[in-house]
Amino acid sequence: MIAENLHKIEQEIQESCALVSRNPKDVTMVAVTKSVDSKTASELVELGILDLAENRVDKLLDKKQSLSQHQQIKWHLIGNLQRRKVKLIINEIDYFHALDSLRLAQEIQKRAEHQIDCFIEINVSGEESKHGLNPAELHSFIQEIAGLDKIRVIGLMTMAPYEASEQEVRTIFSTLKDLQESVKKLNLQYAPCTELSMGMSQDFKTAIEEGATFVRIGTALFRKG
Ligand SMILES: *Cc1c(COP(=O)(O)O)cnc(C)c1O
């Protein structure tokens, strides 16, 4: 089933890219394995998917341990990170998608042994339940982390509300794209900000049309039938 789901998603990624004349190579599908066990995750690895994501620190560490024979896997932490857990995880991952406060950035600075590729999470929709910086705070945040040499801002990340209409989702993603461009234009060495982590199972096609370079897909990969 996973192979079929994967095939369908890869085809849809290609179609969405074609619609807007983008190269599918510029879109990385990150497989979100939070709802499946390590054995199922390893099936994906066998199929050539090497970007795996978890939203919880403990679960990421467990999966990484179980899949330790697969050294090629790139590990993405996509969920909110508590400061007290930074030291456990920060040197175990390749990408962190949810940087959203100066205090967290300072803790990463203290604990990281090398530069960490981070996405700043933005709460574009303004939903109270969501993590992420308010868009208006982005540029001052970028200035505040200037001295933290363990942090490299490779892009921005957002989540669209589950109930939003396609048009609302599109507006959210295009707003994130504009914000990303505005940081990229600053030409900061510590914040190249060339990437966009946006789009999940239900909205990745729209995200790709609006410029996503990383889509985070769980449900659509693992659903049965
Ligand atoms: C769970 C999760 C996803 C994947 O969602 P699906 O709808 O299962 O594809 C993507 N991003 C984040 C931050 C998540 O927590």
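The values are calculated or read from the model by the stated rules, or taken from the named source; none is laboratory data. Predicted model only: the values in this text are computed from it and were never measured. Because the Cβ atoms are built from the backbone with ideal geometry, glycine has one as well, and the counts that use them run over all protein chains shown.
Things worth noting here:
- Applying the criterion of being of a type outside the set (D, E, K, R) and closer than 14 Å to Ala160 by Cα to the residues of region 113-132, the residue that is modelled with the lowest pLDDT is Ser129.
- Selection status of Thr158, β-branched (Val, Ile, Thr), touching a strand residue (DSSP E or B) at 6+ places or on another chain (Cβ under 7 Å) and away from the ligand (no atom under 14 Å from the Cβ): no
- All positions within region 176-190 that are part of a helix (DSSP H, G or I) and over 20 Å from Glu209 (Cα atoms): Val183
- For the condition among the charged types (D, E, K, R), surrounded by fewer than 18 Cβ atoms within 10 Å (Cβ to Cβ), over 26 Å from Glu210 (Cβ atoms) and within 16 Å of the ligand (Cβ to nearest atom), Lys59 qualifies.
- For Glu168: the one exception among (1) more than 16 Å from the ligand (Cβ to nearest atom); (2) under 23 Å from Leu77 (Cα atoms): (2)
- Single residue of region 183-209 satisfying the filter (of a type in the set (D, E, K, R) and more than 16 Å from the ligand (Cβ to nearest atom)) that is nearest to Gln167 (Cα to Cα): Glu209
- Set Lys110, Lys63: member being more than 15 Å from the chain's Cα centre (by Cα), at pLDDT 95 or above and either farther than 17 Å from Arg152 by Cα or assigned to a strand (DSSP E or B) (or both): Lys63
Table: residues versus (1) buried (at least 16 other Cβ atoms within 10 Å of the Cβ); (2) in contact with a strand residue (DSSP E or B) (Cβ under 9 Å, 6 or more places away or on another chain); (3) under 23 Å from Leu104 (Cβ atoms).
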site: Glu128; (1), (2), (3): no, no, yes
site: Pro135; (1), (2), (3): yes, yes, yes
site: Ile142; (1), (2), (3): yes, yes, yes
site: Gly147; (1), (2), (3): no, no, yes
site: Ile154; (1), (2), (3): yes, yes, yes
site: Leu176; (1), (2), (3): yes, yes, yes
site: Gln189; (1), (2), (3): no, yes, yes
site: Cys193; (1), (2), (3): yes, yes, yes
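- Within region 75-97, considering residues that are in contact (Cβ under 8 Å) with a residue 40 or more places away in the chain and buried (at least 21 other Cβ atoms within 10 Å of the Cβ), the one nearest to the ligand (Cβ to nearest atom): Ile78
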